[in-house]
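A quick write-up on the structure given underneath.
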Amino acid sequence: MTAPRHIFRTHIRAAVDDVWRALTDPEMTRKYFHGTAFTSNLTVGSGHRYVMEDGTDAVVGEVEEVDPPHRLVVTWRVLYDAAAAEEPPGRVEWELTDAGNGITRLTTIHRDLGRSPVTSAGVGVGWPWVLDSLKSLLETGEPLAPVAEPDERPEEGDGAAHRFAGIEANNSTWELLGEAERSDDEAADLLERAYAAGYHWRRASGRGPENDSRAAWLLSRTHAVLGHGELALWHADRCAAIVAESGLIDFDLAYAHEARARALACLGRLDEAAAELQAGREVEVVDREDRQIVESDLAAGPWYGLTATLTA
């Protein structure tokens, strides 16, 4: 399953060219992006920086795609936070679309954060304010005034800590899932991490049905990898039920079918497994990279006796 990502859609009463300039002009970014100036020559393979007023770098990365004024993709490594600076870089994508009536739809996707929980937690809160400030600048001529954050957020309380711990547990489970062989002690460790992820996500702030379905999916995959067919199917059925009840589609629906297929294969119920696998492959996953992730997981074992079906 994919690494965590954040998606934001902002509708701005401004021309596409003006929104593009707001994203790439250092004088404009300094007004709405926490005083940082975006600097880059905007060619593929070149670097980019968000430079603070004292000249130090807040964010650095590389330009991967550029199609003015409609698309910009860059890698994103946070430097303003010491803990985040130790994490792998993510990737930020901007898509600018003319939505008609003088409105530009700006889609911001921050992805590849599966091993970067500190960055993920920070940008999940930070991007909405930055994008709202950009919108305000273009529509009113003034960015948003700085907002004083309270020292404590009692409405979140332990929920924020649980969210952070859930991301950590999820990522650490993935570190062990890919091992070809494991001892009994390592198998126990793997299970404990997967259940810890589910425990924390259930109590996390901002929890949604997609979090519940993915926690159930992770438990199903873990049990399937360990050969626990009945438990794998129990959690797969729970994942599928959450997806159905919540109306989740696309990526999560494909994985609900994948979980049931793998669990059924583990139990030797290959005809049923093949039907679920085919259903998963037929789900429309719109995002190209998400589709690649789904296909990669469908190709990864263990599939027990279903290998011939996979390669046919």
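The values are calculated or read from the model by the stated rules, or taken from the named source; none is laboratory data. Since the model is a prediction, treat every value here as computed from it, not as a measurement. Neighbour counts are summed over all protein chains in view; Cβ atoms, including those assigned to glycine, are modelled from backbone coordinates with ideal geometry.
Of all residues in the stretch 31-54, exactly one satisfies the criterion of being within 21 Å of Thr104 (Cα to Cα) and of a type in the set (D, E, K, R), namely Lys31. Taken over the stretch 268-290, the criterion of being under 17 Å from Trp217 (Cβ atoms) and surrounded by fewer than 20 Cβ atoms within 10 Å (Cβ to Cβ) is satisfied by Ala279, Arg281, Val283, Asp290.
Does Arg163 satisfy being closer than 25 Å to Gly247 by Cβ and surrounded by fewer than 21 Cβ atoms within 10 Å (Cβ to Cβ)? So that I can check it myself, show each step before the final result.
Values: closer than 25 Å to Gly247 by Cβ: yes; surrounded by fewer than 21 Cβ atoms within 10 Å (Cβ to Cβ): no.
So Arg163 does not fit the description; no.
All conditions but one from (1) crowded, with 24+ Cβ neighbours inside 10 Å; (2) in contact with a Lys or Arg (Cβ under 8 Å, 6 or more places away or on another chain); (3) not charged (D, E, K, R) apply to Ser213; the one that does not is (2). Selection of first residues in the stretch 200-229 that are closer than 13 Å to Ala241 by Cα and of second residues that are not in a helix (DSSP H, G or I) and not aromatic (Phe, Trp, Tyr), restricted to Cβ pairs under 7 Å at least 6 apart or on distinct chains, gives the following pairs, ordered by first then second residue: Pro209/Leu248; Glu210/Leu248; Ser213/Leu248; Arg214/Met1; Trp217/Met1. With respect to Leu248, is the statement that it is out of contact with any His (no Cβ under 6 Å at 6 or more places or on another chain), at pLDDT below 95, within 24 Å of Gly208 (Cβ to Cβ) and crowded, with 18+ Cβ neighbours inside 10 Å true? So Leu248 passes the test.
Checking each residue in the stretch 133-153 for being farther than 16 Å from His34 by Cβ, assigned to a helix (DSSP H, G or I) and either touching a strand residue (DSSP E or B) at 6+ places or on another chain (Cβ under 8 Å) or modelled with pLDDT under 80 (or both) picks out Leu138, Glu139. When the stretch 166-204 is limited to residues that are over 21 Å from Cys239 (Cα atoms) and small (Gly, Ala, Ser), the one that is farthest from the chain's Cα centre (by Cα) turns out to be Ser183.
With the condition kept exactly as written, say whether any residue in the stretch 171-188 is closer than 21 Å to Arg5 by Cβ, in the same structural domain as Ala254 (by TED's automatic domain parsing) and touching a Pro at 6+ places or on another chain (Cβ under 8 Å). Scanning the stretch 171-188 turns up at least one residue that is closer than 21 Å to Arg5 by Cβ, in the same structural domain as Ala254 (by TED's automatic domain parsing) and touching a Pro at 6+ places or on another chain (Cβ under 8 Å). When you scan the stretch 227-239, do you find a residue that is closer than 30 Å to Thr107 by Cβ and not aromatic (Phe, Trp, Tyr), even just one? Within the stretch 227-239 (the criterion being closer than 30 Å to Thr107 by Cβ and not aromatic (Phe, Trp, Tyr)), the answer is yes, since at least one residue qualifies. Mind listing just one residue for me: the one in the stretch 113-132 that is buried (at least 20 other Cβ atoms within 10 Å of the Cβ) and of a type outside the set (A, V, I, L, M) and, of those, modelled with the lowest pLDDT? Step by step, filter the stretch 113-132, then rank; the result is Pro117.
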